[in-house]
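The values are calculated or read from the model by the stated rules, or taken from the named source; none is laboratory data. From a predicted model like this one, the values you see are computed outputs, not experimental measurements. Cβ placement follows ideal geometry from the backbone for every residue including glycine, while neighbour counts extend to all protein chains displayed. Quick note on the areas: whole protein, heavy atoms, side chains included, nothing else; ligands and nucleic acids left out. Shrake-Rupley method; radii C 1.70, N 1.55, O 1.52, S 1.80 Å.
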Amino acid sequence: MEARLGSRQYVIALIALVVLLFVILSILAPSTYPTLRNVLSMASQMAPLGLLALCVSLTFLIGGIDLSIVAVANAGAIAAAMTSTALEPSLGAPGASLVGVAACLAVGVIAGVINGTLVSQLRVHPIPITLGTMALFTGIATGVTGGATQFGTGSLGFLGSGTIAMVPVSFLLFVIVVLALAIITTKTRFGFKMYAVGASDKVSRFARLEVEKVQVRTYMLSGFIASIAGLVMFAGSNAANVSFGSSWLILAILIAVLSGVDPYGGKGRVLLVLLAVVGMQQVQTGINMALGRWDGASFAAEFTFGVLLIAVLGLNRRLGKAERRKLRKKSKSEEIQQGEPTLATPA
Amino acid sequence: MTSDSSANAAGSSVLEAGGPSAVIAQGITKTYGEVTALDNVDFTVRPGTVHCLVGENGSGKSTLTKIIAGVEAQDSGTVSVEGRVLSSIDPRTAIQHGVRVIYQDLALFPNMSVAENVVFQGNRSVLIPVSNRKARKKASEALAALDLNIDPGTRLGDLSTAERQLVAIARTVSSDGKIILMDEPTASLTSREIDQLLETVDRLRQQGLSFVFISHKLREVTSVADDVTVLRDGQLISTGRAGEYSQERIAELMTGGLVENNRRETPAQEESEPVVEVRGLGLASSFHDIDFSMHRGRVLGLAGLVGSGRIEIGLSVAGLVRAERGTVRIHGESVENRRADNRLQYVPDDRLTEGLFLDWSIADNIVTNHLDGVVTPRGTVSPSKIGELADDWRSKLRVKTPDVSHPVSSLSGGNQQRVLLARALAPEPDVVILNNPTVGVDIGSRADIHDVVRNAADEGTAFLVISDEPAELLSICDDLVFIHEGRIIDRRSADSLSEETLIDIISEGGRS
């Protein structure tokens, strides 16, 4: 179990990072940063990105990746906007929006099943496949809308900007999804098989696990959550367009990597996406505060995220190696204490 | 371990007297993690001789050849070729000194012609083009030198395994190889093909080439070897002139006298209703018209050469390879998607890349196929139940570990194999398919694993065992089916067979 979840130190390091960022930014901007208003504002921005990062970390867990998530989110949002607008005259705004929500989630599930089926049947690396479906989904959405922004009925506003006891609804939704996924991945038989496929799809196949089923379900889950992200995006602005959130893919990957889920699969905790999102949101807010008035601010932000992605990946790899070495040493020394000889024969 | 030390000392002094040696390896020690693969081993090849390196799986013979070939670095000790110590340890240096290795998979290009394969040299710059005419000429010369009648223009993939083996030898000869290391060259050959190979080896020996010949087929060893070295568990057990060794003596040295020849004494009687009934199973490239039945409490063995289709048949019954024709019935009903059927379990032979999640704990590996047995009423997987299940199997199969939460990679080969068996037996299956269940396992563990199989069979499980080791098939199986080139050529009861007859049937390939 411990081998699958990754090291405890990493959890502590991540918590420390979040706290450290908060302290540093609070010292730099004592009058604006450590305020309730700022904290709630940050929380209200986290949901779409956090949900997208969950998609990446889920697919990371089985040794894959889903690059089509932003395209799926937009396609879902467009489906929601168009169906709810079309049905508003007959069903009224709330009823039409409800159908729109269903349409959005259906788009996500279908897109996910397409991704999963292609990945499991073609046995090509998921990077080219989901890159292809990203173009496919964007293409279809562009064709349907002609590239024009679609507007909804406006009755989903509470999801985008509503609060319950001051906490943004979208943030609560994100937390609920994270907790649900944490339970699915670590407590269920399906979750066990996800870790197995991620650890080695070859070994899983020889163990006669149904690898294809696990892959299809995981990508389906990823598509489903991507469409929830799309819904949150749509609810916030009451608008949907194929080009929204174009810079979020790299951010979602960065958050997933920062959460410690191994991009090679089979290791990590989805729960930590929560901490990673909080960390990243602070970095983003920090950059905005520092460079807000400079023309190149968004440039600098992307540059920083690129550097961070590579740095975190490299660091994780190092930590992983050291961890494994330690684990091996530990079990060896215990065996020696027990006085048991290691009968052994390499092939 | 030192039971044969007198012969050892006498042997090495004899060897050293024979002029400048082709290869001298001195004091070679190699460890992989906690495992000592070679322990201070000395090894000498006289020029113009065939030196057979024998030992059981995992005795260190492959490691020793890899070190001589510069593929693996030794921890200590030196290798010298024709009197010169190899300064740096890499394959290129070894090749420059005339060392060539022919691996079991031959490392040839099936889509290139014989000529292209013969003249291919990995150390040549890719920028220098190879003239096709020159290549053919050179290849023809090399093939003629071996007295081989193979057209250099043939696509390599169209040749038989034996012919490919000879092409591999031609390649080493044409590239001025002087010392040829062959890793189990006869594993996939019929007896007639073996004879052809041994003749070629003999001819080249007379031309002054030296061979290191790895094999565990003792008949070949005694017929072709000039010198013999026996390894066991990484230790040099005995070395000397071939004349001093009989097959029986080598067998005893290899196993340390622990030759296990228990047969199954009280197998269950065949019941009228088979557990598994295979009818007309066929897959174009590998096997045809396979019929057999497996019965409750009985162990069925599939015997045959490497590459005869045995493994594919096992994979197909397990649902891992889809057969094109035929049916597999389990308890009388035809089951199409056998991969999802937990009444059936499969244990692959390659623990490290096919069998185990190496980074995972022992417990998680054991529970992989029995998740239904460790869920709470709410449907969640319970870590404490996983621990209980693993502890239970640890004591049942005597897995040597202080704690089942340790990574499975910390175990020795034999214990890793026990973990795999536990994984297969945990869901209490009706049928278990074992592919080479004791590859790379020490002798003590092998006997234990055989006991585990016998005991599980006594409790009613039906087993299908695929093995390269004749002794193993005889030790655990009740019935044997012989496969040659994908077809069943014979069926025998294990009681009626001696090891010699078994080997004969396998290597004659049905032509007596």
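Structural remarks
- Once the Cα-Cα distance is subtracted from the 0.36 nm per residue extended length, the B:R219 to B:A73 segment shows a gain of 49.4 nm.
- The amide H of B:I102, built 1.01 Å from its N in the peptide plane, has B:L181, B:M182, B:D183 as neighbours under 5 Å, considering only residues 5 or more places off or on other chains.
- Structural size metrics of chain A, computed from C-alpha coordinates, are Rg and Dmax of 21.7, 80 Å.
- For the segment B:360-369, counting C-beta atoms of other chains within 10 Å of every residue's C-beta and taking the mean gives 4.
- Atom-type composition of the exposed protein surface of the range A:48-252 places 72 percent of the accessible area on carbon and sulfur (1.4 angstrom probe).
- For the range A:217-231, putting each phi into the Karplus relation 6.51 cos²θ - 1.76 cosθ + 1.60 with θ = phi - 60° gives couplings of 5, 5, 5, 5, 4, 4, x, 4, 6, 4, 6, 5, 4, x, 4 Hz, in residue order, rounded to whole numbers and with x for Gly and Pro.
- Ligands, DNA and RNA excluded, the heavy atoms of B:E428 present near 150 Å² of accessible surface to a 1.4 Å solvent probe.
- Long-range amide H partners of B:V23 with built H, under 5 Å: B:V45, B:E82
- Mean residue ellipticity (222 nm) of the protein assembly as shown, computed from DSSP H runs ≥ 4 via -39,500 (n - 2.57), nearest 500: -16500 deg cm²/dmol
- Computed over chain A: relative contact order in percent, which uses C-alpha pairs under 8 Å that are six or more apart: 30 percent
- Peptide B:352-359 has a mean of 6 when you count, residue by residue, the C-beta atoms of other protein chains within 10 Å of its C-beta.
- Along the range B:345-362 the Karplus relation, 6.51 cos²θ - 1.76 cosθ + 1.60 evaluated at θ = phi - 60°, assigns HN-Hα couplings of 10, 10, 10, x, 8, 9, 4, 7, 10, 10, x, 10, 7, 4, 6, 7, 6, 4 Hz to successive residues, with x for each Gly and Pro.
- Considering only A:Y219, A:A207, A:A256, the residue lying farthest towards the positive end of the dipole of the range A:200-267 is A:A207, judged by Cα position with unit charges set on Cβ.
- Across the range B:274-508, the mean sequence separation of Cα contacts (distance under 8 Å, 6 or more residues apart), normalised by length, yields a relative contact order of 29 percent.
- Per-peptide average of other Cβ atoms within 10 Å, ordering B:143-149, B:198-204 highest first: B:198-204, B:143-149
- GNM remark for chain A: springs join alpha carbons under 10 Å apart, and the peak mean-square fluctuation among A:V19, A:V214, A:V273 falls on A:V19.
- Peptide ranges B:231-244, B:479-492 listed from the most packed, as the mean C-beta count within 10 angstrom indicates: B:231-244, B:479-492
- Shown are B:T368, A:T153, A:T32, whose ranking by accessible area with a 1.4 Å probe and every protein chain present, most to least, is A:T32, A:T153, B:T368.
- Split chain A at each of the chymotrypsin sites (Phe, Trp or Tyr not before Pro) in a DSSP loop with at most 16 other beta carbon atoms within 10 Å, and the longest piece is A:1-263.
- A 1.4 Å probe over all protein chains sorts A:I140, B:I433, A:I250 by accessible area into A:I140, A:I250, B:I433, starting with the largest.
- For chain A, a Gaussian network of Cα nodes joined below 10 Å ranks A:V261, A:V70, A:V124 by mean-square fluctuation, and the top entry is A:V124.
- Choice from A:R317, A:R217, A:R208 showing the highest fluctuation, given a GNM over chain A with Cα pairs closer than 10 Å: A:R208
- Computed over the alpha-carbon pairs of the protein assembly as shown, the distance histogram in 20 Å steps reads 13, 37, 33, 15, 2, 0 percent, short to long.
- Stokes-Einstein D for the range B:274-508, Kirkwood Rh over Cα pairs, 10 °C, 1.306 mPa s (µm²/s): 87 µm²/s
- Cross-link pairs B:K66/B:K178; A:K213/A:K267; A:K267/B:K66 - those with Cα-Cα distance over 25 Å: A:K267/B:K66
- Take the Cα of A:A106, step 7 Å toward its Cβ, do the same at B:D495, and the gap between the two points is 6.8 nm.
- Which of B:H370, A:H125 is most accessible, then next, and so on - probe 1.4 Å: A:H125, B:H370
- Residue ranges B:372-384, A:82-94, B:288-300 sort as B:288-300, A:82-94, B:372-384 when ordered by packing (mean number of other C-beta atoms within 10 Å per residue, highest first).
- Dividing the mean sequence gap of close Cα pairs (under 8 Å, 6+ apart) by how many residues chain B holds gives a relative contact order of 16 percent.
- With a 10 Å cut-off around each Cβ of A:188-200, the average count of Cβ atoms from other chains is 4.
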